[in-house]
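These notes concern the structure reproduced below.
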Amino acid sequence: MLGANGALYGTTYYGGSHSVGALYKLNTDGSGFSVLRNFDYSTDGGYNQGGGLVQRADGTIYARPIGRQLRRRHVIQAQRGR
């Protein structure tokens, strides 16, 4: 997803510190890669964050988990707006 600040945001299906996905950010020229959030099944209620991203006007990014055993069907606040 192209963020309002011009950076690219995406999620991984696997990986991260809990092996259930992460949110990352990088610049359009490929520089500045960073992991912004490691998703956690025990606190986020889902895994494999491949359901897409959406950004609110305040800059907050939300991710939709697609794990087959979701405990809660909702979006996860992935990164607070700045």
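From least to most packed, judged by other beta carbons within 10 angstrom and beginning with the fewest, 40, 58 follow the order 58, 40. For the pair residue 31 and residue 58 in one chain, pulling the backbone fully straight at 0.36 nm per residue adds 7.3 nm over the alpha carbon distance. Residue by residue, the range 32-38 carries 3J(HN,Hα) couplings of x, 4, 8, 8, 8, 7, 9 Hz when phi is fed to the Karplus relation 6.51 cos²θ - 1.76 cosθ + 1.60 (θ = phi - 60°); x denotes Gly or Pro. Each residue, residue 7 and residue 43, gets one label point 7 Å from its Cα in the Cβ direction; the gap between the two is 1.9 nm.
Quick note: the coordinates plus some simple rules give every number you see, no bench work behind them. The shown structure was predicted, so the numbers you read here are calculated from the model rather than taken from an experiment. All Cβ positions, glycine included, derive from the backbone under ideal geometry; neighbour counts span all protein chains shown.
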